[in-house]
Amino acid sequence: MKDKHIDDFIKSKLSKDRAPASLNNKIEEVLGELPSKDKIHYKKRTPILAASLAFGLFIIMGLSFPTYAGELPVLGSVFKYFQDRGIVPGKMDEYSTKVQTSTMDKGIEITLEEVAADNYGIRFSYEIKSDKVPLDKLEINNSKLFIEGKEYKVQPAEDYSVSQGDNSKYYITIIPHDSLPENFNFSWSISKTAGINGSWNLKGEANKSKIEEISAVVNVDESINSGNYKVNIEKATYSPLQTVITGSIEDKKNNHQNNLKEGFIHQIWVMDERGYKLESRMSASKEDNKPMQFTIKLDNIEKPKLLKLAYGYSHMTETAKEKEFELKELNTLKIYSGNYGSFYISEIKEEEDKFIVKAELEGKYPALLASHLNFKDNQEENKIAHLSKDSLEEIEGNPEKRIYQLVYSKSKEGKYKAFFNNPDEYIFMDLNNIYNIYFK
């Protein structure tokens, strides 16, 4: 069943005084839509995430959570299964190496299925199975990774899992590693699983020559200066699996102290060569008296000629409040015109499970504007409707289209009103100070 403690933790860490209302609403929607038997799990096993949340520095742009709860077929690629359902991005199955090796100890069997590697890191797909351990405990707790005989820290890592029946889980674990050779031997030595000390050893070979042919690494080492902040862009890595940009943000005025205003969040936007904002996720960590380190990830993009970066921030204050509308008010209404374009609604139709909004979106940030409209029942917090994933993908795939039929999916039936967050009131981007990253 869903864990109320997890719900409360997420809400408290990304509360309304820390993040945009649209993000808080998305969290509410996702928590409300999780299946009653929680079959899909995501966990980032890293102290960076905890530290980032503590300082209010963890940033998510283009939040997307999978809610599929089906069973994994016995045959086929684990990577492909996860990808097809939006649980993980990229094309891991196309660039993976089949391994198929198993190890068992203490009544727990771990089978390594596939390995995929690029210039960002290594990705494992595997199954953990046991009829002696509760399903929710089936996870790797402690391990070491050896590549060509050299030990490499597994932390930080990202874990994604899908339950298979009552005694098995399929996992994808992503481990960053920026210096993998083209061909390499690896050994994954696991010393604790499901809270039980033991010994599970998985060995194999991986080859990233195919992906190397179409990948690119740009060592940037340049900066964007914006007000009190200096954004140091260190490296950009492209592969068909993922595009990653890393760097740091310096507070020139306050000598890197942890003194961000309440509700203040750094943002770095990534745009294509035409200037259209791309879907991206940014995470950050901060240590005392040091610049904040950031990582930006973009999924499923074609190899770019260049990417444009802009720095800014969001700052939620008491004055940055949602504007409320009755549904009938939205017909033939220009709901927004400002720094990020315009949003005109010509027609709205309510159905049992969704709202259909015929809209005209102008400017370089149509997805940003469309996602700032949502629908809520003021009497019940869990009744909410947000821009659907399909509509978001349609906008991002056709940002110059202008005329869209947008779908806002309901979590439940209710007596809804419309709400719009004006981005001009809390998002402040320095769009006159752009840095270009060129890919060969």
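The values are calculated or read from the model by the stated rules, or taken from the named source; none is laboratory data. Just so it is clear, the structure is predicted and the values come from calculations on it, not from any experiment. Virtual Cβ from ideal backbone geometry, glycine too; neighbours counted across all protein chains shown. Just the protein is used for accessible areas: all its heavy atoms, side chains included, with ligands, DNA and RNA removed. Shrake-Rupley method; radii C 1.70, N 1.55, O 1.52, S 1.80 Å.
Grab the alpha carbons of the stretch 223-332, take their convex hull, and tell me the volume per residue in Å³.
Working: hull volume 17.9 nm³, N = 110.
Here the figure is 162 Å³ per residue.
How large is the accessible surface of VAL88 in square angstrom, using a 1.4 angstrom probe and rounding to the nearest 10?
10
Could you pull the accessible area for TYR435 with a 1.4 Å probe, rounded to 10 Å²?
Looks like 50 Å² after rounding.
Can you pull the one-decimal nm distance between simple spin-label points at SER187 and LYS389, each 7 Å off the Cα toward Cβ?
4.0
Below 14 angstrom from the Cβ of LYS305, what's the summed charge of the other residues (Lys, Arg +1; Asp, Glu -1)?
Values: positive: ARG274, LYS303, LYS308, LYS440; negative: ASP272, GLU273, GLU302.
Charge balance near LYS305 sits at +1.
Taking the full set of protein chains and a 1.4 angstrom probe, give the accessible area of ASP84 in square angstrom, rounded to the nearest 10.
100
Please find the FRET efficiency linking LYS328 to LYS137, where r is the Cβ-Cβ separation and R0 is fixed at 56 Å, and quote it to the nearest 0.05. If you can, show how the numbers build up before the last one.
Numbers: r = 52 Å, r/R0 = 0.93.
Once rounded, the FRET efficiency stands at 0.60.
Around LYS383, which amide H atoms from residues at least 5 apart in sequence, or from another chain, sit under 5 Å from its own amide H, with H modelled in the peptide plane?
ASP377
Expressed as a fraction of 2.2 N^0.38 Å, the rule-of-thumb size for a compact globular protein of N residues, what is the C-alpha radius of gyration of the stretch 288-440? Please list the in-between numbers first.
Values: Rg = 17.5 Å, N = 153, 2.2 N^0.38 = 14.9 Å.
Ratio of Rg to 2.2 N^0.38 Å for the stretch 288-440: 1.18.
Can you work out ³J(HN,Hα) from phi for every residue in the stretch 221-231, in order, using Karplus 6.51 cos²θ - 1.76 cosθ + 1.60 and θ = phi - 60°, giving whole Hz and x for Gly and Pro?
6, 10, 9, 10, 9, 9, x, 7, 10, 10, 9
Averaged over every viewing direction, what's the projected area of the C-alpha convex hull for the stretch 138-249? Give it in nm², one decimal, please.
10.1
Could you tell me which GluC sites (Glu not before Pro) in the stretch 184-220 are loop residues by DSSP with no more than 13 other beta carbons within 10 angstrom of their beta carbon?
For GluC sites (Glu not before Pro) across the stretch 184-220 that sit outside H, G, I, E and B with at most 13 neighbouring Cβ atoms in 10 Å, the list reads GLU213.
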